[in-house]
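Since the structure comes first, as structure tokens, the remarks are kept for the end.
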């Protein structure tokens with residue numbers, strides 16, 4: 001039996017939702033049932049599994065199982081979408097002999113197509129019988145859509161013997177903050193209370209999945225769930241250790257989402273410093289990170305700093321154009337709002353040839369800062385999304 005985190009079991013199966021012939025469904029079980037926290041898309045158009053998850057989180061019942069499918073988002077399907085979600089969750093609950101309110105579902109894929117419920121129902125017995133046979137890596141593969149590689153992490157909690165943590169995410173396109181477009185599931189047997197779990201989950205998501213973008217499009221299906229089924233033994237030190245490790249794990253996987261983004265050839269960390277307020281720093285970071293002109297310059301390895309200055313200018317933040325510094329890694333290209341010359345531009349162009357670098361924007365107005373991870377906008381991104389449904 002393969003386990004990544006003691007107390008949790010996983011399985012995968014192919015229901016034929018996608019035409020690849022690869023696994024496209026996964027089942028994750030908490031034994032015993034877990035306390036849990038979650039965050040969901042803020043898009044007003046929400047997929048049926050998101051609406052069900054939000055409702056069940058509010059009721060506060062423990063969580064025994066999560067059923068996940070790729071290839072179909074089950075969004076914009078009206079009453080049928082919710083009925084299909086409830087039917088599949090109900091069948092999982094019956095097969096596992098757990099209360100129906102302890103089962104959730106998450107879906108990802110094409111919007112507006114009904115779920116192939118008969119195909120999916122047919123593989124549920126195999127998913128239940130196979131619990132414990134799959135690793136988090138295999139779960140990550142089963143929930144991929146346009147992802148190029150699976151994304152998962154496991155870790156022991158330093159200083160706390162027998163406390164384990166693991167996480168798995170998917171996401172490559174429609175990546176946008178509040179929250180970023182993706183599915184993410186995290187597991188631990190630490191033994192935190194529900195209230196502590198809610199607090200650390202909210203902060204960790206804010207510092208990770210809400211700080212990335214690929215294309216600025218927000219999904220209908222964003223879901224991040226954090227489960228803890230350890231016997232409650234909460235202490236201040238344990239809460240701090242879990243919070244730190246969870247945030248670090250989420251940041252690692254958030255970075256991988258951008259690195260794995262559709263058509264991505266550059267991953268750029270925007271570090272905005274010297275803003276009057278955190279909100280101003282965030283506005284600048286997101287304005288630059290979402291700009292199609294800036295992102296295409298990243299792709300072309302062109303240090304076109306004028307595009308960056310323009311995006312800073314329309315961000316809505318309080319700025320002084322003659323007080324802005326711009327640097328690529330350690331190469332300063334703009335100082336006090338003015339170009340540093342051809343030699344600096346050649347050096348900046350050299351930095352941009354790397355796949356991964358930092359663009360530092362200093363406003364010199366205060367002490368607030370914001371970190372944001374973005375990508376380039378490539379020809380392949382257009383090709384992938386021009387025929388995504390075909």
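Any read-out appearing in this document is the output of simple, stated calculations on the displayed coordinates, not a laboratory observation. All values reported here derive from a predicted model rather than from experimental measurement. Neighbour counts are summed over all protein chains in view; Cβ atoms, including those assigned to glycine, are modelled from backbone coordinates with ideal geometry.
Note down the relative contact order for the chain as a percent, whole number, built from C-alpha pairs under 8 angstrom at least six residues apart.
Averaging sequence separation for qualifying contacts and normalising by length gives 17 percent for the chain.
Stretch residue 232-residue 301 to full length: gain in nm at 0.36 nm per residue minus the Cα-Cα span?
Taking 0.36 nm per residue and subtracting the Cα distance, the gain is 19.7 nm.
Given R₀ = 41 Å, FRET efficiency for residue 79-residue 148 by Cβ-Cβ distance, to 0.05?
The pair residue 79/residue 148 has a calculated efficiency of 0.70.
Any chance you could run the full-extension gain for residue 45 through residue 97? It's 0.36 nm times the residue separation minus the Cα-Cα distance, nm to one decimal.
Length gained between residue 45 and residue 97: 15.5 nm.
Run the helix sum for the chain: -39,500 (n - 2.57) per DSSP H stretch of 4+ residues, divided by residue count, reported at 222 nm to the nearest 500 deg cm²/dmol.
-11000 deg cm²/dmol
What distance in nm separates the two pseudo spin-label positions at residue 158 and residue 22, each 7 Å out from Cα along the beta-carbon direction?
3.4 nm
Can you put 89, 14 in order of Cβ neighbours within 10 angstrom, beginning with the fewest?
In increasing order of surrounding Cβ atoms, one gets 14, 89.
Based only on other Cβ atoms within 10 Å, what is the fewest-to-most ordering of 149, 255, 381?
The order, fewest Cβ neighbours first, is 149, 255, 381.
Once you've got the GNM for the chain with C-alpha springs shorter than 10 Å, pick whichever of 203, 35, 211 has the biggest mean-square fluctuation.
Judging by the Gaussian network model, the answer is 203.
Shape verdict for the stretch 267-386, please, from the Cα gyration tensor: rounded (a/c under 1.5), prolate (a/b greater than b/c) or oblate.
Oblate, since a/c reaches 1.5 and b/c is not below a/b.
At 7 Å along Cα-to-Cβ for each site, give me the label-to-label distance between residue 293 and residue 121 in nm.
5.5 nm
Sorting 246, 293 on the 10 Å Cβ count, fewest up front, what's the list?
Least to most surrounded, the residues fall as 293, 246.
For Cα pairs less than 8 Å apart in space and 6+ apart in sequence, what is the mean separation divided by the residue count of the stretch 1-47, i.e. the relative contact order in percent?
It rounds to 30 percent for the stretch 1-47.
If a paramagnetic tag sat 7 Å from the Cα of residue 318 along the Cα-Cβ line, which residues of the stretch 265-307 would have the backbone N under 13 Å from that point?
Within reach of a label on residue 318: 275-281.
Calculate, for residue 206 and residue 343, the FRET efficiency according to 1/(1 + (r/R0)^6) with r their C-beta to C-beta distance and R0 30 Å; round to the nearest 0.05.
0.15
Can you pull the one-decimal nm distance between simple spin-label points at residue 330 and residue 31, each 7 Å off the Cα toward Cβ?
Reported label-point gap for residue 330 and residue 31 is 5.4 nm.
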